[in-house]
Every structure is written in structure tokens, then in C-alpha cells.
Amino acid sequence: MIKRGQIYYIESNRQNMPTDSEQYAGRPAIIVSNDKNNKYSEVVEIVYLTTQPKNELPTHVRIRSSNRVSTALCEQVTTVSVSRIGDYVATCTDAEMMNIDTALVISLGIDFGCLENAPNSDEHNEDISNEPQQSQNSDESCNEEYIKVCTELEVYKHQYEWLVDRFLGRSK
């Protein structure tokens, strides 16, 4: 079964040629959809890997688990048919997946509810169109850091709970 965090070679689909900065298929990608989806659906969500030099962005994650050191492009989540899943390459480490989760949260702008007091909350942004660009960028950077911290906290919480369950013999 295809599992979240595994890296597979994605076969190209000649019908849908990418444009601009979209990534071409015919390259490795990390499965990022959840395992229940991966078990029952005919499509999976992926993020492609590239070995080309990329700017450091909060949505780029360094991956060393694949055959070559690569960058996961988490700002380009793509849905592909399972029929295009090719050869298995490797599985990401827990640390790599934690970084991917953080990058996906930032890329998709997911709010876990812990962001009520975040610097970029709705109350704070009622009318930012008249603010200088530098201030807005500072707020966005601060909000991204806050999201990252909240995401890491959730991941650590789940890892802690898993370790306690395992230690106490309650593994699932």
C-alpha cells in the first residue's frame, strides 16, 4: 500500500503539460495525502522533489532520504492518479515529514485554531492596504513563524503521546 511520507517515481502524463513554474512529472515525489485516502482513493496528493538549486523558502524542505539530496516543493501540492505511481524510491524520516507538515501548513495557510492571537489575525488586518509594504512583510514573516511553532508543538504532542502509549504497551 502507498503510505504518506513514501517517495515514489511519478510517471509523466503527456496530456497535461506544465506551464510556467509548474513541475514536470517523470520525477520523484513524496506522498503527502493521508493513509486512509491512499488506501481507498484512486488519486493521491504529492509534492515533487527537485535537485535543482532553489531559493530558501519556508515551503522548501531539504530531503536526504531519496537517492540524491533534493528539495521538496511544498508550495506545489499536486494530485495524481495512483496509476501514475511508479517505482518506490525511499521513505522520508520523521524529521523530514515534520518539516514537510510545517511547510504545507505555511503554504496552504492552515489555521489550527491556536492562531487567535497571532500577529496576522483578522482584527489586526482590517485595513492593511495603507500600511507600508515592509510592515506587512514583517507581519507575514511573524505569522509564518507562529504557524511553524504551533505546528511543531502539535507534532511533538503527537510524538509524545505515541511514545507514552508505546512505553505503556498501548500501541495501536
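Taken together, the values in this text are just the output of simple stated rules run on the coordinates, not laboratory data. Here the structure is a predicted model, which means the values were calculated and not measured. Here the Cβ is made from the backbone with ideal geometry for all residues, glycine too, and neighbour counts use every protein chain on show.
Here is how the numbers come out for the structure above:
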item: Local electrostatic count, SER70, Cβ distance below 12 Å [Lys/Arg +1, Asp/Glu -1]; result: +4
item: Local electrostatic count at PRO53 - Lys and Arg +1, Asp and Glu -1, tallied over other residues with Cβ under 15 Å; result: +2
item: Neighbour net charge for LEU108 - beta-carbon separation under 14 angstrom, K R +1, D E -1; result: -4
